[in-house]
Amino acid sequence: MDETQYYADAPPTTVALAIKPHFEALTDQQKLYAHHISRFNLVPPPTPQQVIPRPGTALNAAKSVKNSNRHQTTVNDRAAFLGYRIILRQVSPESEGIYDFIIALYQAHNGDWKQLQAETKVSDRTLQQFLHYAAQFLGNAGNYKGFGDSKFIPRFSLDDFVDLASASARAQHILETTSIKAAIFADLQKPALMHLGFPNLGHLSAYYPESPDISQEEIEAIGEFIAEKGLLPENTRLRKTNKGDYEVLIASALQHPPGSDAGNENEWPLGGKLQGRSLRLVFGDYVEELAKIALHIKQAGLHSANETQKRMMDEYAKSFGTGSLKAFKESQKLWVKDIGPTVESNIGFIESYRDPAGVRSEWEGMVAMVNRERTRAFKMLVDAAPLMIPKLPWSSDFEKDKFTPPDFTSLEVLSFASSGIPAGINIPNYDDVRQEVGFKNVSLGNVLGAKAPNEPIPFIRDEDLLLYQNNRDDAFEVQVAIHELLGHGTGKLLQETAPGQFNFDVKNPPTDPISCQPCRSYYLPGQTWNSVFGQIASSYEECRAECVAMALSCDFDILKIFKFGNGTVDMENKAGDVLYASYLSMARAGVVALEFWDPKSRKWGQAHMQARFSILKTFLDAGDSFTTLDGTKEDFSDLHIKVDKHKILSHGRPAVEKYLQKLHIYKSTANYTEGKKLYDEMTNVDDFWGQKVRNEVLRRKTPRKVFVQANTIENDGKVTLKEYAPTIEGMIQSFAERGI
C-alpha cells in the first residue's frame with residue numbers, strides 16, 4: 001500500500017473564520033444568548049501541580065485541570081463545542097486520547113513550542129510535523145478526514161511521539177493509558193481500517209463500538225425493529241454483545257429517564273433473521289457532555305429573544321436530557337418557525353454522512369449572526385421560487401402541494417462544532433417536518449469567503465484561469481443558494497401516510513415520466529427516504545440538489561436576483577461569466593472527487609464528491625464535445641478540463657435535466673431498485689478514472705481548509721470575543737483555550 005496518500009497535510013491550510021464586526025454589532029443580551037449556545041470560556045494555563053494526573057483515565061486527568069480553573073469564569077462548559085468530545089468518540093476509539101495528548105503538550109509550556117522543543121530535543125522537522133498533524137486533527141475532529149472519511153497519519157514516528165510526550169507528565173500518562181500508541185499507525189497494515197465503513201468488512205465505525213463482526217444486514221434489521229417501536233436512530237450507536245445480543249446506546253444526560261420514545265419498555269426478544277437474540281436500550285451515552293450541554297441550553301433560553309426561541313431551547317434540553325428525538329423534532333419545528341433571528345443556531349445530532357448505514361448522525365452545533373445585506377438576495381430568490389420550481393423537469397404530481405417559503409439567510413459563523421464546516425445548510429432533515437412545517441436555508445458567508453493566499457487551482461486551463469478566479473465566489477454563492485433552497489427544498493414523496501391513507505390518488509396514480517406508466521411504488525407507513533435508500537441516500541440526495549443547482553443556475557432571471565446581468569440571456573456579460581464559472585467549478589470538482597474514491601474497497605468516501613463525479617460524467621456524456629478532458633502528455637501531468645461556454649444552454653442544461661428527472665422520480669416513488677442501478681452506473685469508477693486520472697489527482701491535490709474559530713468570554717455578565725491568528729499555532733491555541 002502507498003502510505004504517502006494517508007500522510008497528514010504538510011501543512012494544512014488554515015484560514016480565519018472572521019466574525020468580529022458581526023459579533024460586536026449584537027446587543028449584550030444577544031451576545032449572552034450566542035455565548036451560552038457556543039459556550040466558550042478561556043482557560044488559563046495549568047500550574048505545574050495540575051499537569052500531574054490523578055489516578056484514572058486520561059479523561060479524568062483532563063478534568064483535574066478543567067475543574068481547577070472554574071474560578072476564572074462563571075461556568076467552564078459550553079454547549080455546541082462541548083459536543084466536540086462527542087464527535088471525537090463518534091470518529092474512532094483513539095481520537096479522544098489524541099485530542100487530550102495535543103492539549104496536554106500545548107499546556108506543558110502554554111503554547112511555547114520552541115521551549116517544548118528545547119526540553120524534548122526533537123528536531124525542527126519533527127516539531128513542525130507534529131503541529132501540522134495536530135492542526136489537521138483539530139480541524140477534522142478526529143484522525144479521519146471529515147471530508148472523505150479516510151484516516152490520516154503523522155509524518156513522524158512513534159518514537160517521536162514518545163519524545164514529545166516527555167515534556168508533560170499528563171501527555172505521558174495519556175500515551176500509556178489510552179489506545180493511541182497502538183492505533184495511530186497500526187492500521188497501515190490493515191488497509192480497510194484506513195477508511196470508515198461497515199465493521200464486518202474490516203472498516204472502522206465508532207457508531208458500532210466493540211462490534212467488529214456486526215454486519216449491514218444486522219444493522220438494517222435492528223433499524224427496522226426500532227422504527228416499529230417508534231424510535232429514531234440519529235442519536236444512537238449500536239453495540240453487539242459477546243453473547244450476540246444487541247444494545248442500542250442512546251445519547252442522554254439521564255441514564256434512567258422516565259420512559260423513552262418507545263414507551264416504558266427497554267428490552268425485547270427479536271425474531272426473523274435475529275431469532276433467539278434480544279435488544280436492549282441503554283441510556284446515558286455521552287452522559288457527562290450532554291448533562292452540561294443541557295444546562296447551558298437552558299441558560300441560553302434565559303437570554304432568548306422571543307418565546308419561540310425559549311421553547312426551542314426547552315425542547316433541546318429535554319431531548320439532550322432524556323434522549324428523546326421526538327423532543328428534538330419539536331425543537332426543529334420551533335427552529336423553522338423562528339423567522340429572521342439576529343442570532344441563528346442549530347445544535348444536535350444532525351447529519352448522517354459518516355454512518356455507513358446512512359442513518360446515525362454526527363453531533364454538530366452552529367451559532368451565527370445574520371448578514372442582513374447578503375440576505376436580501378436570498379429573500380428575493382425565495383419570493384421567486386414559485387415561478388422557478390415549475391421549470392424543473394417533473395410535473396406537479398411529484399412536487400409539494402404548496403411551497404412554504406422558508407427563512408433563507410446569509411450567516412456569519414461564530415462557532416461551528418463539527419468534523420467540517422459546510423458552505424450552506426438546508427435543515428431539518430426530517431421529511432415529515434419539511435413537508436408539514438417547512439425548513440430553513442442558510443448560506444455561510446464567512447465560510448464561502450474564507451481563502452488562503454495563493455491557493456493553487458489544478459485542472460483549469462490557463463486561458464480560463466483569470467475568469468474562473470474572478471467569478472468562482474459569485475458562482476458558488478448562486479450554486480449554494482439554489483442547491484439548498486430549490487434542491488433540498490423541492491420534491492414530494494409519494495406516501496401511504498397511515499394504513500389506507502395516501503398523499504396522492506392511489507386509484508389514479510400519476511404517470512412516471514420515465515416509464516410512461518402509472519406509478520406503482522411509494523413509501524409505506526413508517527418508511528422514510530433514508531430507510532428505503534439506505535447507504536446511498538445521502539449522496540444521492542446531494543446529487544439531486546447539485547443537479548437542480550446546475551439546471552437553474554442557467555436561468556438568467558435567477559442570476560439577475562444576485563445582480564448579475566439584467567435577466568436577458570447573454571453569455572458574454574457578467575451573468576454568462578458566472579454561469580460559465582459554475583459549470584467549470586462543477587466539472588473540476590468531478591475530477592478532484594477521485595481523491596475520495598478508494599481503489600481497494602471500490603467505495604466512495606464522501607457523499608458530495610461522489611455526486612459531483614456523476615455530474616462530470618453527465619457533462620462528458622452530453623455530446624458534441626461540450627465537456628472534454630484534455631492533455632498531451634502520456635502521464636496526464638498536463639490534464640485539464642475544457643467546457644464549451646457556448647454549449648452550456650444547448651447541451652449542458654438538457655443533459656443535467658435528463659439525469660435530474662430520473663434521480664427525482666426514483667426518489668419520489670421509493671423506487672430504490674432503479675435509483676440504485678442508475679446511481680451505481682453514474683458513480684462507477686473504471687480503470688481510466690481509477691488509475692490514470694486518479695493518480696494525477698493525488699499528485700496535484702491541495703490541502704483542505706481548516707478554520708480557526710474565535711472564542712467568547714463571559715465576565716460579570718458581559719461577553720467579549722477573542723480571535724486567533726489564522727496559523728497552525730493559532731488553531732491549536734484556540735482549542736486549548738476552549739478547555740473542552
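Descriptive notes on the structure:
- Pairs with Cβ under 6 Å, 6+ apart, first in the range 333-358 and under 17 Å from LEU485 (Cα atoms), second of a type outside the set (S, T, N, Q) and at pLDDT below 95: VAL336/VAL437; VAL336/GLY438; VAL336/LYS440; ILE339/ASP407
- Residue count for the range 452-495 under the criterion of being touching a Ser or Thr at 6+ places or on another chain (Cβ under 8 Å) and on the phi < 0 side of the Ramachandran plot: the result is 18.
- Candidates in the range 252-295 are the residues that are acidic (Asp, Glu) and part of a loop (DSSP other than H, G, I, E, B); of these, the one that is nearest to the chain's Cα centre (by Cα) is ASP261.
- Single match in PRO53, PRO11, PRO21, PRO44 (criterion: surrounded by fewer than 20 Cβ atoms within 10 Å (Cβ to Cβ), at pLDDT below 90 and out of contact with any Asp or Glu (no Cβ under 8 Å at 6 or more places or on another chain)): PRO44
- For the criterion of being in contact with a His (Cβ under 9 Å, 6 or more places away or on another chain), of a type in the set (Lys, Arg), farther than 30 Å from THR712 by Cα and assigned by TED's automatic domain parsing to the domain that holds PHE556, ARG461 passes.
- Applying a threshold of 7 Å to beta carbon distances and a minimum spacing of six or more residues, or different chains, the list of pairs starting in the range 1-27 at a residue that is among the acidic types (Asp, Glu) and ending at one that is surrounded by fewer than 19 Cβ atoms within 10 Å (Cβ to Cβ) and not in a strand (DSSP E or B) reads GLU3/LEU188; ASP9/PRO703.
- Taking the criterion of being outside any loop (DSSP other than H, G, I, E, B) and either surrounded by fewer than 20 Cβ atoms within 10 Å (Cβ to Cβ) or of a type in the set (Gly, Ala, Ser) (or both), the residues of the range 537-560 that qualify are ALA537, SER538, SER539, ALA545, ALA549, ALA551, ASP557, LYS560.
- A residue that is in contact with a strand residue (DSSP E or B) (Cβ under 7 Å, 6 or more places away or on another chain), among the acidic types (Asp, Glu) and farther than 23 Å from ARG85 by Cα occurs nowhere in the range 141-155.
- Residue within the range 284-307 that is more than 24 Å from GLN527 (Cα to Cα) and among the basic types (Lys, Arg) present: yes
- Scanning the range 357-411 for residues that are hydrophobic (A, V, I, L, M, F, W, C), under 16 Å from ASN426 (Cα atoms), more than 23 Å from the chain's Cα centre (by Cα) and not in a helix (DSSP H, G or I) yields a single hit, PHE403.
- Within the range 215-231, the residues that satisfy the criterion of being hydrophobic (A, V, I, L, M, F, W, C) and either assigned to a helix (DSSP H, G or I) or surrounded by fewer than 21 Cβ atoms within 10 Å (Cβ to Cβ) (or both) are ILE219, ALA221, ILE222, PHE225, ILE226, ALA227.
- Candidate set: the range 434-474, residues that are within 30 Å of THR528 (Cβ to Cβ), β-branched (Val, Ile, Thr) and touching a strand residue (DSSP E or B) at 6+ places or on another chain (Cβ under 7 Å); chosen: the one surrounded by the most Cβ atoms within 10 Å (Cβ to Cβ): VAL442
- Positions within the range 626-663 being more than 19 Å from CYS554 (Cα to Cα), in contact (Cβ under 8 Å) with a residue 12 or more places away in the chain and not basic (Lys, Arg), in sequence order: THR628, LEU629, ASP630, ASP635, PHE636, SER637, LEU639, HIS640, ILE641, LEU663
- All told, PHE320 falls short of being crowded, with 20+ Cβ neighbours inside 10 Å, within 23 Å of GLN435 (Cβ to Cβ) and not charged (D, E, K, R).
- In the range 232-269, of all residues being under 19 Å from SER319 (Cα atoms) and among the hydroxyl-bearing types (Ser, Thr, Tyr), the one that is surrounded by the fewest Cβ atoms within 10 Å (Cβ to Cβ) corresponds to SER260.
- Of all residues in the range 304-317 being part of a helix (DSSP H, G or I) and of a type in the set (Ser, Thr, Tyr), the one that is surrounded by the most Cβ atoms within 10 Å (Cβ to Cβ): TYR316
- Of all the criteria given as (1) farther than 27 Å from HIS608 by Cβ; (2) buried (at least 18 other Cβ atoms within 10 Å of the Cβ); (3) assigned by TED's automatic domain parsing to the domain that holds LEU249, the one not satisfied by LEU164 is (3).
- The residue that is farthest from ALA135 (Cα to Cα), among those in the range 413-461 that are hydroxyl-bearing (Ser, Thr, Tyr) and part of a strand (DSSP E or B), is SER443.
- Counted residues, the range 669-694 - those being under 17 Å from ASP512 (Cβ atoms), assigned to a helix (DSSP H, G or I) and hydrophobic (A, V, I, L, M, F, W, C): 1
- Taken over the range 1-29, the criterion of being aliphatic (A, V, I, L, M) and either more than 18 Å from HIS303 (Cβ to Cβ) or part of a helix (DSSP H, G or I) (or both) is satisfied by MET1, ALA8, ALA10, VAL15, ALA16, LEU17, ALA18, ILE19.
- Taken as a whole, the range 471-490 holds no residue that is in the same structural domain as LYS560 (by TED's automatic domain parsing), assigned to a helix (DSSP H, G or I) and among the hydroxyl-bearing types (Ser, Thr, Tyr).
- Remark: GLU224 matches the filter, which requires a residue to be over 22 Å from the mean Cα position of the chain (by Cα), modelled with pLDDT under 95 and not aromatic (Phe, Trp, Tyr).
- Among the residues listed as ARG376, ARG360, the single one being in contact with a Pro (Cβ under 7 Å, 6 or more places away or on another chain) and either over 30 Å from ASP512 (Cα atoms) or polar (S, T, N, Q) (or both): ARG360
- In the range 491-519, residue nearest to ASP383 (Cα to Cα) [restricted to those that are in a strand (DSSP E or B) and among the hydrophobic types (A, V, I, L, M, F, W, C)]: PHE502
The values are calculated or read from the model by the stated rules, or taken from the named source; none is laboratory data. From a predicted model like this one, the values you see are computed outputs, not experimental measurements. With ideal geometry, Cβ positions are generated from the backbone for all residues, glycine too; neighbour counts draw on all protein chains shown.
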